[in-house]
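The values are calculated or read from the model by the stated rules, or taken from the named source; none is laboratory data. What you see is a predicted model; the values in this text were computed from it and never measured. In this analysis, Cβ positions are derived from the backbone assuming ideal geometry, glycine residues included, and neighbour counts consider all displayed protein chains.
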Amino acid sequence: MTWLAAREIHSYRQLPQFWYHIQTKERDEARPKSGILRTREFLMKDSYSLDVSEEALQESYRLHIEAYDRIFARCGLAFMMVEGDSGMMGGAVSHEYMAFADAGEDEIVFCRECGYAANVETAVAGADPEPPVSELAPTGAGDAPFAQAMGAPADLLAEAELHTPDARTIEQVATYLGLPARAFVKALVVVPEAGGETGSSAGPVLALVRGDDELNELKLEGVLGGGFRMALPEEVLAAQGVEPGFVGPVPTPLPVYADEALRRGHYVAGANRPDHHRSGVAPAEIPGAVFADLRDARPGDPCAQCGGDLEGARVIEVGNIFQLGLKYSQPMGATFLDEEGTERPIVMGSYGIGPARIAAAAVEQHHDDDGICWPASIAPFHVQLILVRASDETQRSLADDLYSALGAEGFEVLYDDRDVSPGIKFKDADLLGCPAQVVVGKRASEGVVEIKARESGERCDVPVADLAVELEALLDQA
């Protein structure tokens, strides 16, 4: 698209422009995941904004947000726009449109108080309001190994080595010592990729998060200035002199990157020798330690913007928008002449919607034990017309007439005139999920049919003369 813009756009008088297409695309992944949500071949709506300035891009971005809000609402989705990671697309700002679904592949956190919302990959939580365990009353239970080793009452401030045989994971050592997971430091040896700010020649580094937290890989990549991988067991042994499970930051020859939550307090960490951990570890006292937000935000954390409680939800990503800025236009020579005749790069935005993902999210949100309940705006058909008895000439004649009449009125109709039992037809109709069902049955001779609203299950008998009006009203609510 940038290549095309470089050849078509020459003057500020041609801007702004929005370009879009709906096209079959492909992704080449070694291990495709998420089933039909992430297939190798898929349909995508892509659009691009071309502007003269950053200010103009903001307006184009706003217009796309308004349009996307209307599109997803019209599709009947419960959704939320959240802050996202620009990833391979690049650009300074990006947002993702997430549809709520228990089976979703992604997770978001959001705050009802101020409206903050973000993918967990990028979400930032506020400081933990609870003090570190080391600042609370003595922690060890009298009969717990930790209390026995330290002498009750136990004290995390005291520096001591603790024998922790075969306790390699946070869960194992927490259970063994009788302490909560948040009393520990999780130390992970990682190897930066070549080309990052640390560079592969710098060797492994040590990443620290609290024992009850998870390392956020994207955030660490941002701090390191590039990608990384987890060190192999033999690399951990070579770097720290101990196998994984007993690695700690005191002492360590490695550069240390610690999560902000560890600035305060004393903790238990690996002692860098087999079957031992160390208490009294204060990450803030580690020489040269770099502190940054390195952990996953999670439900229950305080909101970084207002202090309210963050909530979490599983979601399906149905759209995304990016402020690309000059990322592609500058290196690819997509420029225009401004009012003074000065050549300037086009300021770009990118906006995408996955139609198949909209369908998947709609099914996740609108279904029951009997099948799908399609929202009317994206249903394959508005109405399923059911002929109860194909052998009944009166019923068939009326059903045939209704099929033609409803089509002429603009309704999209699926006509089930199969010569099978009514029960099979009703079950199949519920499974397919058209918003409205019209049943031509025993009252056909009176010119009366039954309407069923698929999602609510409500039924009513309607004279044929009033059918179109009743269907319009039903579909307006579906």
(request) Just name the residue that is farthest from the chain's Cα centre (by Cα) out of those in segment 92-119 that are crowded, with 19+ Cβ neighbours inside 10 Å and in a loop (DSSP other than H, G, I, E, B). (result) Tyr116
(request) Please work out which residue is nearest to the chain's Cα centre (by Cα), limiting yourself to segment 40-91 and to residues that are modelled with pLDDT of 95 or more and aromatic (Phe, Trp, Tyr). (result) Phe79
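Asp476 - would you say it is surrounded by fewer than 17 Cβ atoms within 10 Å (Cβ to Cβ) and either under 18 Å from Thr394 (Cα atoms) or in contact with a helix residue (DSSP H, G or I) (Cβ under 6 Å, 6 or more places away or on another chain) (or both)? Don't jump to the end; show me each part of the working.
Details: surrounded by fewer than 17 Cβ atoms within 10 Å (Cβ to Cβ): yes; either under 18 Å from Thr394 (Cα atoms) or in contact with a helix residue (DSSP H, G or I) (Cβ under 6 Å, 6 or more places away or on another chain) (or both): no.
Judged against the criteria, Asp476 is not a match.
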(message) Conditions first: (1) surrounded by 15 or more Cβ atoms within 10 Å (Cβ to Cβ); (2) farther than 30 Å from Leu337 by Cβ. Glu66 passes all but one, so which condition is the exception?
(response) (1)
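Being in contact (Cβ under 8 Å) with a residue 40 or more places away in the chain and crowded, with 19+ Cβ neighbours inside 10 Å narrows it down to one residue among Ser60, Ser86, Ser53, Ser11; which is it?
On the way: Ser86 fails: crowded, with 19+ Cβ neighbours inside 10 Å; Ser53 fails: crowded, with 19+ Cβ neighbours inside 10 Å; Ser11 fails: crowded, with 19+ Cβ neighbours inside 10 Å.
Step by step, each of Ser60, Ser86, Ser53, Ser11 is checked, and only Ser60 is in contact (Cβ under 8 Å) with a residue 40 or more places away in the chain and crowded, with 19+ Cβ neighbours inside 10 Å.
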(request) Looking at (1) in contact (Cβ under 8 Å) with a residue 40 or more places away in the chain; (2) in a strand (DSSP E or B), find the lone condition where Cys306 falls short. (result) (2)
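Filter the strands (runs of 3 or more DSSP E) completely within segment 344-458 down to those with at least 1 residues that are outside the structural domain of Ile321 (by TED's automatic domain parsing), at pLDDT 95 or above and among the polar types (S, T, N, Q).
On the way: elements: 347-353, 383-387, 413-416, 436-440, 448-453.
Of the strands (runs of 3 or more DSSP E) lying wholly inside segment 344-458, those with at least 1 residues that are outside the structural domain of Ile321 (by TED's automatic domain parsing), at pLDDT 95 or above and among the polar types (S, T, N, Q) span 383-387, 436-440.
Results for (1) part of a loop (DSSP other than H, G, I, E, B); (2) in contact with a Lys or Arg (Cβ under 9 Å, 6 or more places away or on another chain); (3) at pLDDT 90 or above, shown as yes or no for each residue.
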| site | (1), (2), (3) |
| --- | --- |
| Pro129 | yes, no, no |
| Gly140 | yes, no, no |
| Asp143 | yes, no, no |
| Gln148 | no, no, no |
| Ala154 | yes, no, no |
| Leu157 | yes, no, no |
| Glu161 | no, yes, yes |
| Arg168 | yes, no, yes |
(message) So if I check each of Ile36, Ile9, which one is modelled with pLDDT under 95 and in the same structural domain as Gly104 (by TED's automatic domain parsing)?
(response) Ile36
(request) Check Leu177, Leu208 and return the single one that is buried (at least 23 other Cβ atoms within 10 Å of the Cβ) and either at pLDDT below 95 or in contact with a His (Cβ under 7 Å, 6 or more places away or on another chain) (or both). (result) Leu177
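I need a count of the residues in segment 309-343 that are in a helix (DSSP H, G or I) and not small (Gly, Ala, Ser). It would help to see each step written out before you state the result.
Keep residues of segment 309-343 that are in a helix (DSSP H, G or I), which gives 329-332.
Within this subset, residues satisfying the condition of being not small (Gly, Ala, Ser) are 330-332.
Looking only at that region, the number is 3.
Between Ala271, Ala238, which is hydrophobic (A, V, I, L, M, F, W, C) and loosely packed, with under 15 Cβ neighbours inside 10 Å? Full working, then the answer.
Working: Ala271 fails: loosely packed, with under 15 Cβ neighbours inside 10 Å.
Just one listed residue meets the conditions, Ala238.
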(request) Pull up segment 459-473, narrow it to residues that are outside any strand (DSSP E or B), of a type in the set (A, V, I, L, M, F, W, C) and free of Cβ contacts under 8 Å to residues at least 24 places away in the same chain, then point me to the one that is surrounded by the fewest Cβ atoms within 10 Å (Cβ to Cβ). (result) Ala465
(request) Could you tell me whether segment 48-62 includes any residue that is closer than 19 Å to Ala5 by Cβ, hydroxyl-bearing (Ser, Thr, Tyr) and part of a strand (DSSP E or B)? (result) yes
